[in-house]
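Structure record follows, encoded as structure tokens.
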Amino acid sequence: MDAALERVRDALKGVRLPLDLPSAAPAAEYAARQVVQLDDYILPRLAEQNAPLVAVVGGSTGAGKSTLVNSLIGRAVSPSSALRPTTRVPLLVHNPADASWFDSQRILPNLARTRDESPAPGTLRLVAEVSQPEGLAILDAPDVDSVVEENRSLAGELLAAADLWIFLTTAARYADAVPWDHLKQAAERNVLVALVLDRVPPRSMDEVRGYLTELMARQGLGGSRLFCIPEVFELADGLLPAEAIAELREWLAGLAGDAAERNRVMMQTLTGAVDSLARHLPEVVTALRDQHQKVTDLRMSADRAYREALSRINQQTADGTMLRGEVLDKWQDFVGTGEFFRAVEQRIGSIRDRIAAFFRGAPKQADEVSLAIESGLDILVREEAEAAAQRVYELWSADPAGKQLITAAKWNIGRGSPGLAASATELVRAWREDVLKLVSEQGYSKRSKARYLALGVNGVGVALMILVFSQTGGLLGAEVGIAGGTAVLAQRVLEAVFGEDAVRKLAKEAKLGLDKRIQELLAAESARYGQLLGTLGVTLSAARWLETALDEVRLARAEDDRLGG
Amino acid sequence: MEERRANLARRLRALGQCVELAEGRVDITTLEHVKDVIRRAGDRAAISGEKTVVALAGPTGVGKSTLFNALSGTDFAEVGVRRPTTSNARAVAWGSALPAELLDWLEISDRHLVTEVPEGFAELVLVDLPDYDSVESEHRTVVDHLVKVVDALIWVVDPEKYADAALHDGYLRPLRDCADVMMVAFNKADALDAADLNRCVRDMRHLLDDAGLKATRIVTTAAEFGTGIDPLREVISRTVSAKVAMATRLAQEVSVAAYNLEIELGKSVPVLNRRAVTNLIDGLAESAGVPELADGIGADYLARGRAVTGWPFTARRYRKSDDPLRRYRKANAELPAGKVSFDSAVRGAKLESSLREFSDSVAGDLPAVWKQAVWEAAHSNSGAVKDQLRDIAAASLPPEKPPAWWQLFRIFQWLAVLAVIGGVLWLVSGPVLQWCGYEPLPSVYWLGIAAPLWLLVGGIVLGVAAGLIGRAVIIPAARLRTRGARRELNDRVEAVAQAQVVAAVQQELTRYSDAVRLVRAAIL
């Protein structure tokens, strides 16, 4: 049991709900509260059932908590004043014999102990009093509805760490919403509550008492004790008259004196706390799963945008549309020069041509075609990558969580990475090298060597690129006349050099190389979104871990005979 | 007073216009809140500008109802020990008739009329609100609605409840902009001795000051004993007779709403700079193939010019060479319309990227949603942009008449040809005539050299020289022609860019600047 709860605690401590989903805020708050409750109360109580009971005195501002605590002890230990909020440092009153239980950090480990009369904030003031019965300590908590935020949260923390509640309200306050929120929680957790109604005008005692009993029954606190204290205008030394609190004091003394009853109270509250935890943890699990689901959705929509960009580029680099405009223009210039056709013709191969090619280098026009292809490919890839980023922005901004990420991100979600232009240029350059390498490594017969040389490696490379861009062959109407015709020419010259099969293989390899490079570039672009989502630290294992720990708790709960059925 | 109202009306108008412009481009919650304020302020001013609605608000059990009865001099509010007590809002008005329209608007059905009018209460509507901190959550709903619509608020607290988070965090702090139409009545003052009361009031003062409510006054009362009631009535009647509470309250609401909207809008000053437009035009021109087309036109000019002005014996080949312009047009214009997006993948990409760069550089540091709107505006007519750019690429420039100087060259060239032919004929004529038995033409010598030789050699030399000169002139002229064509085509692209892209973007930017200007007008 203890080990299982430890694991629940660790799992809760690690709960991260960074996306602003409807389930996130309540679950995060609950998880944080439960970590504190496990540390403050559940784990120490499971470990040590012989420790004295802790009764927390909680309630609204100005309900007179300090006065009540002082009166129960019989001397003014806790400062009370007309100013609200007064109690800031919680005060724990115990019998001197129980001192060792409270001096250690066993319970409430986050509060430093002090026995100083004017304690520093953030500490727990301990007071040993002989009048306090052994086996029961009283803890005076701050106001549950204080205007000071720290007081409120500390009050909540202390109430969660109590074996029983002495909850104080007044005739003017008993219908306030905030205290009742706490009382409903107590009912849900099955904590033993003693409700103390303070400052009741004697003439309306019966009416108020009846009405409040009814209210308690309605809110599921029917089994709790109700003590009424009549309004007292003159306090003696700041203490209530003994007879006003006699009933409460007697009940507490009885509880302290009866070991069996004490154990029953302790077990009731502990079991209630564990059961409540087991009931509510699935909400945290759901919240964790919601986060993971949302992250997955966002990642998928980013991936989809880039996948679409990839398939568009793949299509456009294969259907001949790349060849229009400038590329075509330069290609025709190239084809229009004698070198090309001489290479196509079967007859050539003279020494003169070789020498000419040697001195001239590669035909200049081939370079121009190559340049046109490269700049076209460059801009095509870049623009599709930009459009994909824009698409991700549109998809994400349609979702509140996505919007949150867009706002929080340090970079512009809707644009390509700053290095996009450079990597597109690099892609094109690298692919051109690939192509040139392909054609220069491809073997050719002696007879075709002259043709090869006449065109130069660049010319052959350009012809291969042209062929790659019109590979699908699904051209229509006039397009066949232009792009198709262009490609046929390229194909013929390549076939004349390498032979038919080799050309098919070369074109395929070149296209595959291009696709691979484009895919890599887009993958790098879309990885930015994956990284952004990754920094959220949302994993499915967090939910699984918590679920496993919860199952263990349920199992141990059924088997643990310390806890009541 | 009148001036205040006119001012408020003007600001409401500005805010309303701003909301229209900001619709869909600003966080929906902010916008809804602003609309709510506008609606409320408009309604309130329209219904009754004379009446002042003062409401008593406070938690359960502080004696709110008792105070209400004491202030109004009535016993309409029931007082009890059962908590929570008051469950709906209750209103009292003085005079001969209830301000029914106003009360309907406030959604208060529990209304009472007192005919006897105390000093200064004639235009007062006093409202008792339910508590806001009890287990009955409907009470809270009523309070939340009414605190927004009443003109002035008196928060009733007591020594026990004055520091509740429900009051300070739930109401006072959020309402801090209305601090000067709010007041705190510290009730049950009799429960404390003078020193404690003093300390509590000082503590409350601190809490108010910290929350930004320095203008909110605190008065101490003990309603059960009638203590402090008269001073409070005095304050109320002064508020009513000044008739400014409503305008003040509304003005503050408008300010806050406008201020929140301004935060959403940001403070960018987008400018449609010339440079961005130039880049756009260049990009669009490139995507339409203008540089290639202009090159083609220049090349065509060069070819034709050389054919005309060149030495006729050699220039014919220029005429035969492939016409670059026709080739260009063939490559671009014969495409089946609409078959492919724009004419080539590359051109489509160039078009998209110039639109994107344009919207990015113009939108600058606008809020993200407005940036997106600018981008959408730049794209709004992209279909028309594509069509019109395609037309520019396909349409020819008006056919150019050969320049006059070409004709001079042509005449000169033909004269040179004639001279050569004449020279040859003359040279040949001697032997031929002799062979036929005729007398040969008389020999003419110029500068000691035979005239036919002059004609032959001179014709060749002059023709070749003229061809060279013509070529030297035509090459730069063709370059000029290319440049001219590019300019002319760019002008057409610019017309498309201005009409289909820049105008739409300008409209969006104006919309933004107007929204910013209007929201500022609404704040002041």
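The values are calculated or read from the model by the stated rules, or taken from the named source; none is laboratory data. As the structure is a computational prediction, the values presented were derived from the model and not from experiment. Glycine also receives a Cβ, built like all others from the backbone with ideal geometry; neighbour counts cover every protein chain displayed. Surface areas here come from the heavy atoms of the whole protein model, side chains and all, with no ligands, DNA or RNA. Shrake-Rupley method; radii C 1.70, N 1.55, O 1.52, S 1.80 Å.
Would you check if A:GLU386 is in a helix (DSSP H, G or I), open to solvent by 30 Å² or more (accessible area, probe 1.4 Å), closer than 13 Å to A:THR425 by Cα and in contact (Cβ under 8 Å) with a residue 24 or more places away in the chain?
Against the criterion (in a helix (DSSP H, G or I), open to solvent by 30 Å² or more (accessible area, probe 1.4 Å), closer than 13 Å to A:THR425 by Cα and in contact (Cβ under 8 Å) with a residue 24 or more places away in the chain), A:GLU386 does not qualify.
Tell me which of these B:ALA377 doesn't satisfy, since it passes every other one: (1) over 17 Å from A:TYR393 (Cα atoms); (2) surrounded by 13 or more Cβ atoms within 10 Å (Cβ to Cβ); (3) modelled with pLDDT of 85 or more.
With respect to (1) over 17 Å from A:TYR393 (Cα atoms); (2) surrounded by 13 or more Cβ atoms within 10 Å (Cβ to Cβ); (3) modelled with pLDDT of 85 or more, B:ALA377 is out only on (1).
Could you pull out the residue among A:ALA309, A:ALA287, A:ALA244 that is buried (at least 16 other Cβ atoms within 10 Å of the Cβ), in a helix (DSSP H, G or I) and either of a type in the set (Ser, Thr, Tyr) or at pLDDT below 90 (or both)?
The conditions single out A:ALA244.
Mind listing whichever residues of segment B:272-300 are hydrophobic (A, V, I, L, M, F, W, C) and either surrounded by fewer than 17 Cβ atoms within 10 Å (Cβ to Cβ) or within 30 Å of B:VAL181 (Cα to Cα) (or both)?
Correct list: B:LEU272 only.
Given the conditions (1) assigned to a helix (DSSP H, G or I); (2) more than 29 Å from the chain's Cα centre (by Cα); (3) polar (S, T, N, Q), report the number of the one that A:THR169 does not fulfil.
(1)
With A:ALA128, A:ALA177 as the choices, which residue is surrounded by fewer than 24 Cβ atoms within 10 Å (Cβ to Cβ), away from chain B (no Cβ under 12 Å), in contact with a strand residue (DSSP E or B) (Cβ under 7 Å, 6 or more places away or on another chain) and not basic (Lys, Arg)?
Only one candidate qualifies: A:ALA128.
For B:GLN500, indicate whether it is under 20 Å from B:VAL374 (Cα atoms), out of contact with any Pro (no Cβ under 7 Å at 6 or more places or on another chain), among the polar types (S, T, N, Q) and surrounded by 18 or more Cβ atoms within 10 Å (Cβ to Cβ).
Yes, satisfied.
Report, by residue number, each residue of segment B:11-29 that is of a type in the set (Lys, Arg) and open to solvent by 70 Å² or more (accessible area, probe 1.4 Å).
Listed by number, the list holds a single entry, B:ARG13.
Given (1) at pLDDT below 75; (2) within 30 Å of A:PHE469 (Cα to Cα), identify the lone condition not met by B:ILE297.
Tallying (1) at pLDDT below 75; (2) within 30 Å of A:PHE469 (Cα to Cα), B:ILE297 fails exactly one: (1).
For A:ARG88, work out the one condition from (1) more than 14 Å from chain B (Cβ to nearest Cβ); (2) surrounded by fewer than 18 Cβ atoms within 10 Å (Cβ to Cβ); (3) not in a helix (DSSP H, G or I) it doesn't fulfil.
Result: A:ARG88 fails condition (1) only.
Scan segment B:143-170 for residues that are under 42 Å from the mean Cα position of the chain (by Cα) and more than 14 Å from chain A (Cβ to nearest Cβ) and jot them down.
B:HIS145, B:LEU146, B:VAL147, B:LYS148, B:VAL149, B:VAL150, B:ASP151, B:ALA152, B:LEU153
Counting just the residues of segment B:132-142 that are more than 7 Å from chain A (Cβ to nearest Cβ) and acidic (Asp, Glu), which one comes out surrounded by the most Cβ atoms within 10 Å (Cβ to Cβ)?
Looking at residues that are more than 7 Å from chain A (Cβ to nearest Cβ) and acidic (Asp, Glu), I get B:GLU136.
This table checks each residue for (1) surrounded by fewer than 21 Cβ atoms within 10 Å (Cβ to Cβ); (2) closer than 30 Å to A:PRO201 by Cα; (3) away from chain A (no Cβ under 14 Å).
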{"residue": "B:ARG4", "(1), (2), (3)": "yes, no, yes"}
{"residue": "B:ASN7", "(1), (2), (3)": "yes, no, yes"}
{"residue": "B:ALA41", "(1), (2), (3)": "no, no, yes"}
{"residue": "B:ASN69", "(1), (2), (3)": "yes, yes, yes"}
{"residue": "B:SER96", "(1), (2), (3)": "yes, no, yes"}
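Listed residues B:GLY63, B:GLY120; which is assigned by TED's automatic domain parsing to the domain that holds B:VAL235, within 22 Å of B:ALA189 (Cβ to Cβ) and in contact with a helix residue (DSSP H, G or I) (Cβ under 7 Å, 6 or more places away or on another chain)?
Just one listed residue meets the conditions, B:GLY63.
Return the residues of segment B:175-215 that are part of a loop (DSSP other than H, G, I, E, B), farther than 21 Å from B:ALA165 by Cβ and of a type in the set (A, V, I, L, M, F, W, C); say none if nothing qualifies.
B:LEU192, B:ALA215
Considering every residue within segment A:215-229, establish whether at least one is buried (at least 22 other Cβ atoms within 10 Å of the Cβ), closer than 23 Å to B:PRO130 by Cα and aliphatic (A, V, I, L, M).
No, that holds for no residue.
Take the residues in segment A:181-203 that are in a helix (DSSP H, G or I) and open to solvent by less than 10 Å² (accessible area, probe 1.4 Å); name whichever of them is farthest from the other protein chains (Cβ to nearest Cβ).
Looking at the filtered set, the residue picked out is A:ALA186.
What are the residue pairs meeting all of these: first residue in segment A:528-542, first residue touching a residue at least 40 places away in the same chain (Cβ under 8 Å), second residue among the hydroxyl-bearing types (Ser, Thr, Tyr), Cβ atoms under 8 Å, and 6 or more apart or on different chains?
These pairs meet every condition: A:ARG528/A:SER417.
Can you pull out the residues in segment B:222-271 that are over 26 Å from the mean Cα position of the chain (by Cα), open to solvent by less than 40 Å² (accessible area, probe 1.4 Å) and among the charged types (D, E, K, R)?
Answer for segment B:222-271, where residues must be over 26 Å from the mean Cα position of the chain (by Cα), open to solvent by less than 40 Å² (accessible area, probe 1.4 Å) and among the charged types (D, E, K, R): just B:ARG249.
So, A:SER78, is that one buried (at least 18 other Cβ atoms within 10 Å of the Cβ), more than 14 Å from chain B (Cβ to nearest Cβ) and in contact with a Ser or Thr (Cβ under 6 Å, 6 or more places away or on another chain) or not?
yes
Is it true that B:GLN507 is part of a helix (DSSP H, G or I), at pLDDT 90 or above, open to solvent by 50 Å² or more (accessible area, probe 1.4 Å) and assigned by TED's automatic domain parsing to the domain that holds B:VAL374?
Criteria met by B:GLN507.
Just checking, does segment B:454-465 include any residue being touching a Pro at 6+ places or on another chain (Cβ under 9 Å), at pLDDT below 90 and part of a helix (DSSP H, G or I)?
Yes, there is a match, as at least one residue in segment B:454-465 is touching a Pro at 6+ places or on another chain (Cβ under 9 Å), at pLDDT below 90 and part of a helix (DSSP H, G or I).
Mind checking whether some residue in segment B:430-440 is assigned to a loop (DSSP other than H, G, I, E, B), closer than 30 Å to B:VAL516 by Cβ and either open to solvent by 40 Å² or more (accessible area, probe 1.4 Å) or not assigned by TED's automatic domain parsing to the domain that holds B:VAL496 (or both)?
Within segment B:430-440, none of the residues are assigned to a loop (DSSP other than H, G, I, E, B), closer than 30 Å to B:VAL516 by Cβ and either open to solvent by 40 Å² or more (accessible area, probe 1.4 Å) or not assigned by TED's automatic domain parsing to the domain that holds B:VAL496 (or both).
So which residues in segment B:216-238 are assigned to a loop (DSSP other than H, G, I, E, B) and at negative phi, if there are any at all?
Correct list: B:THR216, B:THR221.
Suppose the filter is within 14 Å of another protein chain (Cβ to nearest Cβ), modelled with pLDDT of 90 or more and open to solvent by less than 20 Å² (accessible area, probe 1.4 Å); does A:LEU212 pass it?
Answer is no for this residue.
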